[in-house]
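Here the structure is laid out as structure tokens; the discussion comes afterwards.
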């Protein structure tokens, strides 16, 4: 069932859990995510990357994911991830998406606030403060003070109208070359100062213990992308020769969805049992 973004996050946070947000590139990915969520009876967010949305068939993908979420027996929301201008915000919401990640993190603080506040006039918006970099940039980000500042976070949350705030505490997008050192005191202080839900991006490769600690300290939404893509490609490579005779595409699609469901199920078990 389609559910408001803010309601999903609030319900999970009230139980000391976090909502899993999983990037979906096709219906096989979405089917795997929703299958795992239904089995564990918890809500999820289906994420759409900006590149997927702007592709020629992006609107078709969004319509398919919205329809899949609406038919799900558990609460689900479709969210456009990491857009840096206003045009796709309105377009995404018109297509039925429940939220947009309006990423103004590269902008000065006041410009980021203005950007998010304008986007939030159209619907529910997640914002980002600080720099959540690629893995090769994490040392630079930390050294440059790009981690989320608790004082700025409090000011930002109060003025931007964001429904959720993505924080930078040493996490990065992609797979980590070595275990990161996450700034737990910083996260705890942000949670103390900020009333809106917090999200953690770059969760692929973080240990289960780190994920549980993040949730205990106030993270209500965790994004996963890289691990899903890696498993999807892996199972495709494993199965493609065996289904080549007869071109059994449906068999391949079912295996892809099941592989995604296994990854998602493992993540949701951690998110739902953090305390």
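The values are calculated or read from the model by the stated rules, or taken from the named source; none is laboratory data. Given the structure is predicted, the values throughout are model-derived calculations rather than measurements. Heads up, the Cβs are rebuilt from the backbone with ideal geometry, glycines too, and the neighbour counts pull from every protein chain shown.
Taking only the range 133-169 into account, find how many residues are modelled with pLDDT of 80 or more, part of a helix (DSSP H, G or I) and under 15 Å from residue 187 (Cα atoms). Final tally of qualifying residues: 6.
Which one is farthest from the chain's Cα centre (by Cα) among residues in the range 55-72 that are under 19 Å from residue 28 (Cβ atoms) and not in a helix (DSSP H, G or I)? Filtering first and then ranking leaves 57.
Tell me, please, whether a residue that is closer than 28 Å to residue 100 by Cβ and touching a residue at least 60 places away in the same chain (Cβ under 8 Å) can be found in the range 232-239. Yes, the range 232-239 contains at least one residue that is closer than 28 Å to residue 100 by Cβ and touching a residue at least 60 places away in the same chain (Cβ under 8 Å). Selection within the range 13-26: residues that are out of contact with any strand residue (DSSP E or B) (no Cβ under 9 Å at 6 or more places or on another chain) and more than 11 Å from residue 260 (Cβ to Cβ). The member of this set that is surrounded by the fewest Cβ atoms within 10 Å (Cβ to Cβ) is 14.
Against the conditions (1) surrounded by 15 or more Cβ atoms within 10 Å (Cβ to Cβ); (2) not in a helix (DSSP H, G or I), residue 91 satisfies every one except (2). Report yes if some residue within the range 171-182 is touching a residue at least 60 places away in the same chain (Cβ under 8 Å), part of a loop (DSSP other than H, G, I, E, B) and within 21 Å of residue 126 (Cα to Cα); otherwise report no. Checked against the condition, which is being touching a residue at least 60 places away in the same chain (Cβ under 8 Å), part of a loop (DSSP other than H, G, I, E, B) and within 21 Å of residue 126 (Cα to Cα), the range 171-182 yields no hits at all. Answer with yes or no whether residue 222 is surrounded by fewer than 22 Cβ atoms within 10 Å (Cβ to Cβ), under 19 Å from the mean Cα position of the chain (by Cα), touching a residue at least 24 places away in the same chain (Cβ under 8 Å) and not in a helix (DSSP H, G or I). For residue 222, the condition - surrounded by fewer than 22 Cβ atoms within 10 Å (Cβ to Cβ), under 19 Å from the mean Cα position of the chain (by Cα), touching a residue at least 24 places away in the same chain (Cβ under 8 Å) and not in a helix (DSSP H, G or I) - is not met. Checking residue 20 against (1) over 21 Å from residue 196 (Cα atoms); (2) outside any loop (DSSP other than H, G, I, E, B), which test does it fail? The failed condition is (1).
A single member of 228, 268, 206, 211 is under 17 Å from the mean Cα position of the chain (by Cα), assigned to a helix (DSSP H, G or I) and under 30 Å from residue 158 (Cβ atoms), and it is 211. Annotation for the range 51-71: at least one member residue is touching a residue at least 60 places away in the same chain (Cβ under 8 Å) and surrounded by fewer than 18 Cβ atoms within 10 Å (Cβ to Cβ).
Residues that are at negative phi and in contact with a strand residue (DSSP E or B) (Cβ under 9 Å, 6 or more places away or on another chain) occur in the range 254-263; there is at least one. Does residue 34 meet the test of being crowded, with 16+ Cβ neighbours inside 10 Å and touching a strand residue (DSSP E or B) at 6+ places or on another chain (Cβ under 6 Å)? No. Restricting 246, 202 to those that are at pLDDT below 95 and buried (at least 19 other Cβ atoms within 10 Å of the Cβ) reduces the list to 202.
Test residue 187 against the stated conditions and say whether it is farther than 24 Å from residue 30 by Cβ, surrounded by 22 or more Cβ atoms within 10 Å (Cβ to Cβ) and free of Cβ contacts under 8 Å to residues at least 40 places away in the same chain. Here the answer is yes, as residue 187 does meet what is asked.
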